[in-house]
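Below is one structure; the comments refer to it alone.
The values are calculated or read from the model by the stated rules, or taken from the named source; none is laboratory data. Quick caveat: nothing in here was measured; it's all calculated off a predicted structure. Cβ sites come from the backbone with ideal geometry, for glycine too, and all protein chains shown count toward neighbours. Heads up: the accessible areas ignore ligands, DNA and RNA and are worked out on the full protein's heavy atoms, side chains in. Shrake-Rupley method; radii C 1.70, N 1.55, O 1.52, S 1.80 Å.
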Amino acid sequence: MVGVTYEEVVRLAEQLAPPEQKALIEHLQLIAQRRQLTIQERKALFETLITDLGPVSPDFSDRRVDWYDDDGR
């Protein structure tokens, strides 16, 4: 049996059409769901959900009083 490296798999996956990449992702997620993830895998999965939206506007305020009227609504 000839081994395949991770780099080769990534290179090949990048050559797939978008629908095939999506199917591969779904397949890998199904495999991952069938077994218990390690802490490192759980953390990596969580970090894929993080999206950097860029810098916050200087005019943004997180103070409640700046978001609502005087009556708090």
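With the highest mean first, a sort of the peptides 57-68, 21-32 on other beta-carbon atoms found within 10 angstrom per residue produces 21-32, 57-68. Entry comment: accessible area of the chain is 103 Å² per residue, from protein heavy atoms only and a probe of 1.4 Å.
For segment 1-41, the orientation-averaged shadow of the C-alpha convex hull comes to 4.0 nm² (one quarter of the hull surface).
Residues of segment 1-30 with an amide N closer than 15 Å to a point placed 7 Å from the Cα of residue 44 along the Cα-to-Cβ direction: 5-11, 25, 28-30. Computed over the chain, the Cα gyration tensor eigenvalues convert (square root of 5λ each) into semi-axes of 43, 17, 13 Å, ordered from largest to smallest.
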